[in-house]
Every structure is written in structure tokens, then in C-alpha cells.
1. Over the chain, what lengths in whole Å, largest first, do the semi-axes of the equivalent ellipsoid take, defined as the square roots of 5 times the eigenvalues of the alpha-carbon gyration tensor?
2. Calculate, in nm to one decimal, what LYS427 and PHE458 gain on full extension: separation in residues at 0.36 nm each, minus their alpha carbon distance.
3. Got a sec to turn the phi values of the range 228-243 into Karplus ³J(HN,Hα) couplings, 6.51 cos²θ - 1.76 cosθ + 1.60 with θ = phi - 60°, whole Hz, x for Gly and Pro?
4. If the reach is capped at under 17 angstrom between alpha carbons, list the aspartates and glutamates near LYS398, excluding any in the same chain fewer than eight residues apart.
5. Ignoring ligands, DNA and RNA, please state the percent of accessible area on the range 178-330 from carbon and sulfur, probe 1.4 Å.
6. What accessible area per residue, rounded to a whole number of Å², is obtained for the range 10-120 using a probe radius of 1.4 Å?
7. Quick one: net charge of GLN223's neighbours, Cβ under 11 Å, K/R +1, D/E -1?
8. What does the extension gain come out to for SER390 and ASN214, with contour length at 0.36 nm per residue minus their alpha carbon separation?
Amino acid sequence: MEKYLINPNQKISKINKDIYGHFSEHLGRCIYDGIYVGENSKIPNVNGMRCDVVNALKEMGLPVLRWPGGCFADEYHWKDGIGPKESRKKMVNTHWGGIVEDNSFGTHEYFELCRQIGCDTYINGNVGSGSVQEMNEWVEYMTFDGVSPMAQLRKQNGHEKPWNVKYFGVGNESWGCGGNMDPEYYGCLYKRYNTYVRDYNPENKIQRIACGPNGDDYHWTEQVMTKVKHKAQGIALHYYTVPGDTWAHKGSATVFDVKEYNKTIAKAYRIEEIIKNHLAVMDCVNPQKWVNLVVDEWGTWYDVEPGTNPGFLYQQNTMRDAIVAALTLNIFNKHSDRIIMANIAQTVNVLQSVILTDGDKMILTPTYHVFKMFKDHQENTLVGSYITTSDIESRETKAKFPQLIESASVDENGVIYSTLANTSASKATKIKCQVADTKIKSIKAEIITGDIHDKNDFVNSDFVKTVEFTNFKKSSDGFTATIPPCSVVKFVIE
Ligand code: AHR
């Protein structure tokens, strides 16, 4: 029997809702088809946005949406995506399948999407192939309320009042697709571009995000931090879980054995070590902790589904992905003192999506259900928690990771939310939970569980879902429960 302790009196940090953020790029069928179908589509839409997708994202509690990329951001010229649609410039999306981008989804459409979802905004600017002037004018176009050429242009295009830009990313993956730069060079460029990301609106103080490292590249973090210091509110780490040993053989999203499952989970767990190390480097350079960590791309990355465009990064999603999502979100919660935002890649039809679409059909993936389950943590206070656990070990693949991982938070009414994942493919575990200094009135719980391969598809769209969990016994100060293998359970304790 494993011991699980929750101490609601040990208040650690506020869990920024933006940790539950998402990322949507002009890539494959994420924006076009997945989110935006245009006003004339037969698919029910409001101003071109699919009603089914927007409603599902609202219900899931999507707090902030990053756009327009990714690698696409450093080739995106925002002026091509404003004004009458018939005269918008067409371009080739060189990164993602070489298809024609007609720019029918641009700045106005992005803000309309965020309005419909009810979420905050995170725009990624172009440092790789864009000018300082172009970036400066985009910020002016979006946020200035006074008399200026860009504010005038926005008004001419039908939007009188400025929008609110919560976060602005100065470049993306500048170490790779965003310009192949060295960190020293990018750090200098950041300072230059960022100077012109003006706070045009006193009520809209933009939080600036510098391009951060690729996985465990600590040298990048150190060098960029040295230059950036107080001039950024966040530095953005990218970490993907790729089960295969090479990018050419990443592994299938649906056909895998337990060995590969364990390898995936072990690789997903690595994000915690990487987060800790980057924070240590950041704190060394800047002990005042002016700059926080953002993880604006994370998730599983497999080979594309057979028969689909390799440049579209379309992959299925199984209970394995649900476990990756749950363990990662628990890790983010545990580091919510320094992580202010995270964005899973990507919202619809690309990589670890929460939604997949096929024409007018839509399915919610196991990852969707985990996000919906965890949404109660948003803006709560992280509290002390600890669970004993054995490790899952595979000598063959050298994978080793904890079987159980949890986090717990408390809302302003004193209700405790605990999310727990059993990452084992086959082993159930008994736990005994004790909540310090609390007389418990009631406990409700829900679970998502199944075989590691279980998924939803367009034939059986509701196969994996959350259901009520009753396999626990309440006591005055806690509960005992048997947690099935490959499962995520949420306990709501009052
Ligand atoms: O999410 C897909 C791509 O992965 C993004 O465009 C890029 O930033 C990263 O390499």
C-alpha cells in the first residue's frame, strides 16, 4: 500500500491558468479544417470558426492560445493576413508540406477565435525573416488606441478598438527553423527587437517571451539569460517526447508494445529534470528571478498516420498520450512557482492534439479528457503533497520512472483537488491518502483508464472518456483506493 499525504496548510504557489495553454500553428489541418472553415462552409460556424471545436475548447477550459507558429511564425508577414480576403497575398508554407497559404486566417480571425473561446492571447513575432519595423507595426496595429498609421489601418479593416495581447514571443526556435542563430547573437537581436515591442496601451502591459532552449541545451539558456535579464518576463523551453531514437523513426502513435510505452513515459518524465536544470541556470544568472519559465511547445511526437501528408504531422492519440499529459501537467503544477505558461502542441489535428476532425466530424482525444479533468487546478493554490511509489523499470530499454505521480491544489473555498496518474501499463496499486488537519465531509472522484492502446476514432468516438470513480473508501481524514493501471484519477475533497 502506497502512502499519499496532502497538506492543505502548506500553500506553495498559485497555479497560473496559462499552464494549461495550447498552441495552434498554420500547419497541416490545425487552423484550416480543424478550427477555421470560412463563413461559407456547410460545417456550422460563427464567423468561419467551427462551432463544435470552439464549444469543445471552451468546455475544456482553454486559457491561452499561441499563434501563428512555430516555425511558421518566422516566415509569417502579418500584413499579408489583413484586409479583404480576396486581395490577401498567397504564400507557400515551405515548412509544412509546401502547400499554398491563402492568408484567410490572419490577425482579425485569430482575435475573433480567442473571443469565441474566451481565452487570452499569445502572439509569436517574426525575428527570423521579419524586420524590426514589421514587428513594431504589428504590435501598434493590435494594441494602439490613439492616432497612428497602424491604428488607422486596423480601423479601416473593421476593428475600431485595439485588442489585448497578453504575451508576445520575440522569435521562435531561433536556434533552428527561426534563423539558425547562436545564443549570443539571438540574445543581442532579442534586445533590439524587443525595444520596439512597445506598450502602446497602458492597460495592456505585454509580457515578452524570449526564445528559449531546445530540450537540455543549458548553454542556450545561460547565454540568452545573460543578455535578456529583466527585459523578458519569460524564456520559452521546447521539449517533445519522441519514443524512437531518431527523427526518421519516431515510432507509431497507435502500434507499440509495452517496451515502447515504457520508453515513451520515461522520456516524458525527463521534462522535470530539464525544467529543474534550466531554472537552476536561470537563477544563477538572475538570482532576482525576474524571468520565468514558459514551456510553449510540449507533447508527444510520433510518425504521421500512414497515408497522410508527412508535412502535416497528423497523429492519433491513445491512453499513452493521456498518461503523458497527466504526468506533465502534474509536473508543471509542482513547478508553478516559476512556470507561468505552457502550450501543448498542437490544439487540433497536429501532434498531441486534444481534438481530431474529419470533414464535419470531430472527436475528443484521451488528452482532451485529461485537460478537462485538470482544469479545476487553474488559478488554485498548489499545496504540499507527497506519494510513495515504486519505479517501473525496464532493463532492455533502460527506462526507469515512478509508477505514481500526483499534485494537489486548493481553491478559494478550501476544496482540494488531487490529480493522480498510475503510469504502469499493467499494475494496479493500492493507496492510502491522509489529508493533514482536515475533517473530510465528502469525496467525489473521476477516472480515465484503459489499455495503453485505447483511443477514440471516427467510428467509435466515445470509447475513451472520463467516468465516475467509486473504488475508494472514505475515512474522516482521507481515503483508501485501488488505482487501476494506465489511469488518471481526480479526487475532489471537501
Ligand atoms: O510544433 C511543430 C513544430 O515543432 C513547430 O513549428 C516548431 O517550433 C517545432 O520545431
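The values are calculated or read from the model by the stated rules, or taken from the named source; none is laboratory data. As the structure is a computational prediction, the values presented were derived from the model and not from experiment. Heads up, the Cβs are rebuilt from the backbone with ideal geometry, glycines too, and the neighbour counts pull from every protein chain shown. Heads up: the accessible areas ignore ligands, DNA and RNA and are worked out on the full protein's heavy atoms, side chains in. Shrake-Rupley method; radii C 1.70, N 1.55, O 1.52, S 1.80 Å.
1. 37, 25, 23
2. That works out to 8.2 nm of additional length.
3. Those phi angles translate into 7, 5, 6, 7, 9, 8, x, 10, 9, 7, 10, 9, 10, 9, 10, x Hz.
4. Cα-Cα hits under 17 Å: ASP245, ASP257, GLU260, GLU273.
5. About 52 percent, which is the carbon plus sulfur part of the accessible surface.
6. Per-residue value: 37 Å².
7. -3
8. 60.3 nm
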